[in-house]
Every structure is written in C-alpha cells, then in structure tokens.
Amino acid sequence: MTSQQEVQLIAAVIAAACALPGVFLVLRRMAMMSDAISHTVLFGIVVGFLLTRDLGSPLLFLGAVLTGVLTVSLVELLNQTRLVKQDAAIGLVFPVLFSIAVILISRFAGNVHLDTDAVLLGELAYAPFDRVVWQGIDLGPRALLVGSGVLLLNLGFIGLLYKELKLATFDPALAATFGFLPVLLHYSLMTIVSVTAVAAFDAVGSILVIALMIAPPATAYLLTERLSTMLWLSVLLGVASALVGYWLAWALDVSIAGSMATMTGVLFAGAFLFAPERGIVATARRRTRQRWAFAQQMLAVHLHNHAGSSDEAEECSPAALHGHLRWSPDFAAQVLQRAERNGIVRREAERLWLTEQGCRLAQTAGAG
Amino acid sequence: MLELFLSLWSNWGDYTIRTVALGAAVLGVTSGVLGCYAVLRRQALLGDAMSHAALPGIVLAYLLFGTRDLGILLLGAAGAGWLAALLLLSITRHTHLKEDTVLGMLLSVFFGFGMVLLAFAQKQPTAAQAGLSRFLFGQAATVVERDVLTMAGIGALALVLVALFWKEFKLLSFDPDYAATLGLPVRLLDVGLTALIVVAVVVGLQMVGVVLMSAMLVAPAVAARQWTDRLGPMMLLAGIFGAGAGIVGAVLSASARGLSTGPMIVLSVSSIVLFSLLFAPRRGLVWRWFQTQRNARRLRFAMQHGDVPLSVPTAPPSDPLPDPRIAEQKGVSG
C-alpha cells in the first residue's frame, strides 16, 4: 500500500469510529461534551508523559482516556450542586484542565515533541511513518491499527447494547424502570467517546475529532428518523467527507484535517438545504403548495356559503374576491386560474360556479 | 496574597507587564459583563463556538488586506463569529437539531475551514503570517499599547450598548416570551446581544486564544452569580472578578518562566469560581452544609423537648427548586 492510500484508509477508519458514538452524543444532547473531552485529553497525555517520560507509552493512552472520564465526572459534579448549569459547567471544566496542561508542557516538557499546535490540528500526513513492527514484520501504521481497534470496539459496544442505548436515549425514565442503569450506560458511552477521541486525536487533532463526531450524525439526523439508518448513514457521511476532504487537501495543498472538517460542513449544508423532507428547499416548496391549496379551499368555501343566497350574483364574481377575501387582484386572479385548472370552479362570464368537486372541497373544509 | 501584591508592585514599572496586565483587565471587564448574559441565557458555550469560528475571519481579513493590523483582523474575526452565530440561530430555528449539536458542528467546521485558509496564507511569500497563529493560544506578550487601546475601544462600545439597552436585554435574558408580548423586537435583540458576545470574544482572542476564551466568558459570570440574585450587582462583580483575574494572571505569568499568560488568567478566574461555589453566602456549598447542620440541631432540640414544629425555620436558599425542569422554565438561576 502506498502511503497515500494508507492516509486515506486511516482517515476513513477514524471517521467511521467517530461517527458511531457521535450519533448518541447528538441524540442525547451532549454534543459539546465531545468538545470538552477532546480538549482535556491533552491533560492526560501530558501527565502520562511526565510520569513515564516516554511518548510511546500506552500509559499515555490510558491517562488520556481517564481524563476524558474525569472531565465528564467533574461536569456532572458541578451540575449536581445545582449552582451551575450543565453548559456553563462544561465551559468551566475543560479550560481549567487545558490550561494546566499547557502550563505543564511549557514548564516541564518544552523541548519534547508535544507542541500544542499539533494537538489542535494533528498531522495526518505523517501518520504512515509511525509504524508498528513486530518481530520484524511490518504490521502497518500505528494510527491505522489503533483506529481499527477503536472502530471494532465501538461496533461491538453499540451492537451489544443497541436496545439499551436506544431506550436510554429516547426514554431514560422507562430505561431506569427496566433496570438498565442509565448512569452506568452514560459513563460507558462517555468512556467510549474518550477512547475514540484519544485515538482520533493523535491522527487528526482535537478540533477535527469534534467535526467527525458531531457533523455527520447531525447531517444524518436531517435525513432520517430511524436510529439504525442514522447510524450507518453517519458512518457513510463521515467516510465520504474524510475521503473527499483528503483529495481536496491534496489538490489544493492545504491541511488535511481542516479540509476534512470543511467537507463535513459542506455535506451538512447540502442536507440542510436539500433534504427531501426537512430541507429548506423542500419546506419552502411545501409551504407554497399549501398556500395555494388553502387559497383554493377558501375560494370554494366562499362560493359555497353564498350559493343560493340573495347576494349570490354579486358575491360569486371574480371582482368580489378582492374585496371580500382581502386578496390582492393579482393573487385572486392566480387563485382563480388554478382553481379552474383543478376543476374546482367553473366560470361563465362574470359568474363563478362551484363544480361538484368544489362542493365536496368546501364541505370537507367546513367540517375539518 | 501579600507576596502577590508585592510582585505586582515591583513589576508595575515594567512596560510589557503593565501593558499585558492592562489588556487582561480590559478583557476581563468586557467578557465578565457580557458573559453574564451568556450564562443566564444558557449560552455559556456560545463563546467557545464563536472563538473557534473567528479563525477563518482572521485569516480571510489577512488574505484580503495583507495587513496584521489588529483592528482589521479583529473585524474579520467578528464578521466570521457573527456569521456563525446567525447560522446557529437559523439552523436551530429551521431544523429539529438541538443547539449543542449545531454549536459543536459550527465550531469545528469553521475552525477546519480556518485551517484550510491558514494553509493558503502560509504560502504567501511575505511571511508576515507568523502572527496569525498567536490567536490559537493567545500570545499576551505580543500585545502592545495600541492593541490595548483597540481592545479598550471595542470593549467600551460594547459596555455603552449594554447600558443603552439595559432594560431590553434584561427582559430578553429572563423572560423572552413576556418581552415578545410587550412588542419588543425579540429576534432583533437576540441577534444584537449575540453580536455583543461575539465582540467580547473577539477582544480576548489575542490575549488568551480561541480555546480558553470560553472560560473568560463563563467563569466571572458564574462566580458573580453565587454572590447575588440581581443582574446589576452580578455584572459589576463579574467585571471586577474578570479584571482582577486578568491582572493577577498576567503578573503571575511574568513571575516565572513557562507560565503562559492565557492559562494563568484562566486558572486565576477559575480559582475565584471555586472559592465562590464553596463560600458564597446562602448559595455556597460550605454555607449550605452549615445550614443543614443547624437545621438538624434545631430539629433534634425541638424533638427532645417535645414540640416538633410543623415547619422548620430556615433561611430559604435562593434556588429552592429541586426539580431542574422547573428551574429551566423559570430560567433565572444560573
């Protein structure tokens, strides 16, 4: 495999691994927890490094994951005092841990390769050079192995606890009465998010982790209402943004992580505008259709009410619509045209008649 | 404390430290006051999103005008931050996505796009772009007198607007529905107030950087909230806390090598929060613990003497709302 292909594979695997827990973050209104975790992970890495003095030590990974869980616990703790709301608690906790981490780096680890730029941005392009070699056999880039492991872990977690997660997400109270231990589920999910964030963080930096976790599920949520569909759609969208983002970055010679994040945004914008049922365009078209349908219904009701009354001749004429229904002459003419075309109204000189279909429409409108 | 004061005093003559401390104080006042709205309106993380979203604006302003003038770069930052805020309002209105999801997405996508633009900027031969990355983590040491004046100007403008629209913003923060029934242009006010928060964020970017800016907005307000139930005193306190933490953080960071200014300011302001959460009268945790102890003692005493009172006299906590949903509806406790 060339290193280009390897980078793409790593990007795709990590995008898929991030999208899976991201779906639950989005549904459980905890999207910003990914922001907090992806920033505080640095703290765990730095402390792990200061203890072991080895950037390759698995203790760093462990430390980072534990910090993620610690962040969640601190936020919950602050929230439970009822002195601070959850969003404010998140906004308080992660800057503190991040600040301590930055100070620790600049004070004690300034000369190692732990610079803060790489933390925020990651460097995917260099990922293939960090390889795992076991007994002389090249097993592949470390980021790919770690990423695949985390992807499998996430698949296993969601596969095993699918029904529990689903219920705890949509109806926590019912889940609790069934004895599903929502708190335990919550912390397991947060551990999964931390593990994923740490694994992804090495390759793509802390900001892209948020993009890959939140944007594809948000996009999928605009396209479907089924959890299972949302899950695979998120993975698909994540992988698509990763690959397209990679090629754009390659063509324009810019940051891979940045370009992947931009692509997740482009896909979201596409869904926001053009989603078949909930997109802006679809909604606007539906509104217009409803507006004309409603106007025709009003016309039918108007004609029906005055049919057979003494002022019938005067009211049931095109000229009366403007004054009576307060429609502008243009609008009235257009409604009339549509109503005639749809067979609701028949026109004889200056007199309007309801067809049989028009009568039915007026009656259902009155009943409804 | 005394040591700190002494170091402040002896270092005050140093031009750089004085400039940085003044800048930090300006930032603290602005973000402290405006942060009150963010916290009360449960938009604490708005600042975080805005500060990340400002990055493409900064780089774009640089690419378009080819200057590193702080005023122009901040204008770009404000533009991008405001665009993100408008997108936030419009996406949450038109879809069923929750605010936190949209915040997280806008934050990371804008930032990612900023990175793409940054790569373009770095290809420019002028090489003046080195200054752009200072906004990521903030480099207080690069702040010069002119920057402080720019920040102070922007901040003062924001504070004047707060004073002018005092009653409207207050109503919007506590009871937007009532504001709407009074015929106030709620949506317009919402956009305006969000723009002010963007201003506060922009002022702090060079000082503490995009990541830590959210703490500057949230922390002073949360700390001040513990000491009072009134908006005016809360804002005053938040401004004081913010400015104090700014100065202390700046001076501390100058006292030893490797203590970056942004993180030191954030740690100072977070210490104020911790102190307030613990010791603020009536709301603070220690205070509440003593209250519980005293109630228990009174109850025991009453039971031993045979007259169990129907209601135990206690000082009511300011937030007697055990059910978070009720608190949410009222939307007044912070």
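Results, tabulated for the structure shown:
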quantity: Accessible-area composition of chain A, carbon plus sulfur, in percent [1.4 Å probe]; calculated: 62 percent
quantity: In the A-B interface, the accessible area buried, summed over both sides, Å² (probe 1.4 Å); calculated: 5000 Å²
quantity: Simple label model, 7 Å out from Cα along Cβ direction - A:Leu145 to A:Ser3, nm; calculated: 1.9 nm
quantity: For A:Gln337, net neighbour charge (Lys/Arg +1, Asp/Glu -1) across residues whose Cβ lies under 15 Å away; calculated: +3
quantity: Segment A:331-357 residues near the modelled A:Gln363 label - backbone nitrogen below 15 Å, point 7 Å along Cα→Cβ; calculated: A:354-357
quantity: Calculated from backbone phi, Karplus (6.51, -1.76, 1.60) coupling profile of segment B:40-48 in Hz, x at Gly/Pro; calculated: 5, 8, 6, 10, 4, 8, 4, x, 4
quantity: Sites B:Ala141 and A:Leu50, calculated FRET efficiency, Cβ-Cβ separation with R0 22 Å, nearest 0.05; calculated: 0.30
quantity: Per-residue mean of C-beta atoms belonging to partner chains within 10 Å, peptide A:279-289; calculated: 1
quantity: Trypsin sites (Lys or Arg not before Pro) restricted to DSSP loop in segment B:219-277 with at most 16 other C-beta within 10 Å; calculated: B:Arg230, B:Arg257
quantity: On Cα atoms only, tilt of A:58-80 relative to the major axis of chain A in degrees; calculated: 50 degrees
quantity: Three-way shape call for the protein assembly as shown based on the alpha-carbon gyration tensor, with the a/c threshold at 1.5; calculated: prolate
quantity: Relative contact order (%) - criterion: Cα under 8 Å, at least six apart; region: segment A:282-364; calculated: 33 percent
quantity: Segment A:233-310 versus segment B:203-280: alpha-carbon centroid distance in Å; calculated: 42 Å
quantity: Other-chain or far-sequence residues with amide H under 5 Å of A:Val132's (modelled H); calculated: A:Leu139, A:Gly140, A:Arg142
quantity: Linear extension gain, B:Thr92 paired with B:Ala296, 0.36 nm per residue minus alpha-carbon span; calculated: 68.7 nm
quantity: FRET efficiency, B:Ser271 to A:Ser328 (Cβ-Cβ, R0 60 Å, nearest 0.05); calculated: 0.40
quantity: Accessible area in the full protein assembly, largest first, 1.4 Å probe, for B:Asp229, B:Asp100; calculated: B:Asp229, B:Asp100
quantity: Gain in span if fully extended, A:Thr229 to A:Leu160, counting 0.36 nm per residue against the direct Cα distance; calculated: 23.1 nm
quantity: Net charge of Cβ neighbours under 14 Å - reference A:Val301; Lys, Arg +1; Asp, Glu -1; calculated: 0
quantity: Sequence of A:Thr264, A:Thr229 from largest to smallest accessible area, 1.4 Å probe; calculated: A:Thr229, A:Thr264
quantity: Per residue, in Å², the accessible surface of the protein assembly as shown once ligands and nucleic acids are set aside, probe 1.4 Å; calculated: 45 Å²
quantity: Helix A:329-341 axis, angle to chain A major axis (alpha carbon atoms, nearest 10°); calculated: 90 degrees
quantity: Chain A: angle of helix A:256-274 to the longest principal axis, Cα-based, in degrees nearest 10; calculated: 20 degrees
quantity: Potential extension, A:Ala349-A:Trp250 segment - 0.36 nm per residue separation minus Cα distance; calculated: 28.7 nm
quantity: B:Leu64 accessible area, assembled protein chains, probe 1.4 Å, Å²; calculated: 130 Å²
quantity: Average beta-carbon neighbours from other chains, 10 Å sphere, peptide B:91-99; calculated: 5
quantity: Karplus 3J(HN,Hα) series, Hz, for segment A:91-108 with 6.51 cos²θ - 1.76 cosθ + 1.60 (x for Gly, Pro); calculated: x, 8, 6, 5, x, 5, 5, 5, 4, 4, 4, 4, 5, 4, 4, 6, 8, 10
quantity: Sequence of B:Leu149, B:Leu89, B:Leu182, A:Leu145 when ordered by accessible area, the most exposed leading, probe 1.4 angstrom; calculated: B:Leu149, B:Leu182, A:Leu145, B:Leu89
quantity: 15 Å beta-carbon shell around A:Val281, net charge (K/R +1, D/E -1); calculated: +4
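The values are calculated or read from the model by the stated rules, or taken from the named source; none is laboratory data. The structure presented is a predicted model; accordingly, all values stated were derived computationally and were not measured. All Cβ positions, glycine included, derive from the backbone under ideal geometry; neighbour counts span all protein chains shown. In case anyone asks, the SASA skips ligands and DNA or RNA and just uses the protein heavy atoms, side chains included. Shrake-Rupley method; radii C 1.70, N 1.55, O 1.52, S 1.80 Å.
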